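Engineer: Below you'll find the structure I mean.
The values are calculated or read from the model by the stated rules, or taken from the named source; none is laboratory data. All figures in this text were calculated on a predicted structure; none of them were measured in a lab. Every residue, glycine as well, gets a Cβ built from its backbone with ideal geometry; the counts of neighbours run over all protein chains shown.
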Amino acid sequence: MIRTEPLCQRSSLAASANLAWMDTVNGCTIIQPASIEGLLTFGAEETAGAYSVMIGEGPPGSPAPALREHPTTDEAFYVAAGEGSFQLEDEQILVPAGGFVFVPRGIVHTVWNAGSEALRGLIIISPGNVEHEFVGVEAS
């Protein structure tokens, strides 16, 4: 049966009708599509420590964050729209919409939007119950 009435209250992440909002239904997390400014996150509490998730959008031409590694967490990136430019150790690769990149802990990397349209995607961090440390690395 498909329900059309609300099953639960919107979470505190629902700042306005233009922002994505998150519901919990029978223990499942649902994020409704909408415009996202910055990052929408949920994590250890919602996933029993298994992982954290960030959903966001970056404007075209955004500069790359500094090269970094994460000593205790893995990251997975799903590109939903636009193109993500990734530097993975000493290699650069362009990943189009529908692409997926898994970065194991300890791998030097960064990602940016060098494309002409907004980059929208999903980042999954595992495990979610440890600090997601950013260790800066100098470019070689």
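Engineer: Considering (1) more than 25 Å from Val137 (Cα to Cα); (2) surrounded by 15 or more Cβ atoms within 10 Å (Cβ to Cβ), say which one Ser85 fails and leave the rest.
Structural biologist: So the condition that Ser85 fails would be (1).
Engineer: Further question on the same structure: Under 7 Å between Cβ atoms, at least 6 apart or on separate chains: pull out the pairs that start in region 44-59 with a residue that is assigned by TED's automatic domain parsing to the domain that holds Cys28 and end on any residue that is part of a strand (DSSP E or B).
Structural biologist: Nothing qualifies.
Engineer: Same structure, new question: Considering region 91-117 alone, what residues qualify as being closer than 20 Å to Gly58 by Cα and over 16 Å from the mean Cα position of the chain (by Cα)?
Structural biologist: Hits for region 91-117 are Gln92, Ile93, Leu94, Ala114, Gly115, Ser116, Glu117.
Engineer: Something else: Kindly indicate whether any position in region 118-125 is small (Gly, Ala, Ser) and under 16 Å from the mean Cα position of the chain (by Cα).
Structural biologist: yes
Engineer: How do the strands (runs of 3 or more DSSP E) wholly within region 91-140 filter down when requiring 3 or more residues that are over 15 Å from Glu69 (Cβ atoms) and at pLDDT 90 or above: which remain?
Structural biologist: 91-96, 119-126
Engineer: Could you check region 94-135 and list, in sequence order, the residues that are among the polar types (S, T, N, Q) and buried (at least 16 other Cβ atoms within 10 Å of the Cβ)?
Structural biologist: Of everything in region 94-135, those that are among the polar types (S, T, N, Q) and buried (at least 16 other Cβ atoms within 10 Å of the Cβ) turn out to be Thr110, Asn113, Ser126.
Engineer: Among all residue pairs at least 6 apart or on different chains, which show Cβ distances below 6 Å where the first residue, located in region 61-80, is loosely packed, with under 15 Cβ neighbours inside 10 Å and the second is at pLDDT below 95 and among the acidic types (Asp, Glu)?
Structural biologist: Pro71/Glu133
Engineer: Let me ask something additional. Identify all residues within region 57-73 that are within 18 Å of Leu39 (Cβ to Cβ) and not in a loop (DSSP other than H, G, I, E, B); write none if there are none.
Structural biologist: Glu57, Gly58, Ser62, Arg68
One line per residue, one yes/no per condition, for (1) outside any strand (DSSP E or B); (2) modelled with pLDDT under 80:
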{"residue": "Thr29", "(1), (2)": "no, yes"}
{"residue": "Pro33", "(1), (2)": "yes, yes"}
{"residue": "Glu45", "(1), (2)": "yes, no"}
{"residue": "Gly49", "(1), (2)": "yes, no"}
{"residue": "Ile55", "(1), (2)": "no, no"}
{"residue": "Glu75", "(1), (2)": "no, no"}
{"residue": "Tyr78", "(1), (2)": "no, no"}
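Engineer: Return yes when Glu46 is acidic (Asp, Glu) and over 13 Å from the mean Cα position of the chain (by Cα) and no when it is not.
Structural biologist: In short, yes.
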